[in-house]
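The values are calculated or read from the model by the stated rules, or taken from the named source; none is laboratory data. Predicted model, so just to flag it, every value in this text is computed and none were measured. Cβ: placed from backbone, ideal geometry, glycine included. Neighbour counts: every protein chain shown. Protein only, heavy atoms only, side chains kept; ligands, DNA and RNA dropped before computing areas. Shrake-Rupley method; radii C 1.70, N 1.55, O 1.52, S 1.80 Å.
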Amino acid sequence: MRYEIPELKKQVFEMTIPIRWGDMDAMGHVNNTTYFRYLEIARVDWLRQFNAEPKPVGEGPVIVNAFCNFYKQLEYPGDVLIKMYASDPGRTTFETWATMEQATNPGVIYAAGGATTIWVDFPKQKAVDLPAWLREIVTP
């Protein structure tokens, strides 16, 4: 099943991640699991700007599902350009999306993924309303 990134979304972050030799598998391309690591790095670095990265105290984000569509093989050496988007804020959730390009081949999507994020009170282990500041950021 392929998930499509929606048209109505807002770009919220962009970063470049170096492809490491160890990111590749026996087939000579970046291992599929590593794409999820790239998505995680981008999501956490984006949230760190707001001091909202996942941590087991107070409130913060939890991923409740994630996906990645693979279109072209990424290979070492190189850098991955990740563009991250947000959309669909609900009472306690929002969607994040990302495209991955080879930095030397801009505009060509090698993979695209996303995740549903729920905002939780960690000590209570319960979903809580998105903070107003975050709702503003993730609303297209």
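Condition check ((1) at pLDDT 95 or above; (2) under 16 Å from residue 114 (Cβ atoms); (3) not hydrophobic (A, V, I, L, M, F, W, C)) across all residues:
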{"site": "10", "(1), (2), (3)": "yes, yes, yes"}
{"site": "13", "(1), (2), (3)": "yes, yes, no"}
{"site": "21", "(1), (2), (3)": "yes, no, no"}
{"site": "52", "(1), (2), (3)": "no, no, no"}
{"site": "59", "(1), (2), (3)": "no, no, yes"}
{"site": "90", "(1), (2), (3)": "yes, yes, yes"}
{"site": "94", "(1), (2), (3)": "yes, yes, no"}
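The residues in the range 6-24 that are of a type in the set (Asp, Glu) and open to solvent by less than 50 Å² (accessible area, probe 1.4 Å) can be counted, and the count is 1.
Contact annotation: residue pairs with Cβ atoms under 8 Å, 6 or more positions apart or on different chains, pairing a residue in the range 124-136 that is farther than 15 Å from residue 55 by Cβ and without any contact (Cβ under 8 Å) to a residue 40 or more places away in the chain with a partner that is surrounded by 13 or more Cβ atoms within 10 Å (Cβ to Cβ) and not acidic (Asp, Glu), are 126/120; 127/92; 127/93; 127/118; 127/119; 127/120; 129/92; 129/119.
Condition check ((1) modelled with pLDDT of 95 or more; (2) open to solvent by 40 Å² or more (accessible area, probe 1.4 Å); (3) of a type outside the set (D, E, K, R)) across all residues:
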{"residue": "41", "(1), (2), (3)": "yes, yes, yes"}
{"residue": "55", "(1), (2), (3)": "no, yes, no"}
{"residue": "111", "(1), (2), (3)": "yes, no, yes"}
{"residue": "135", "(1), (2), (3)": "yes, yes, no"}
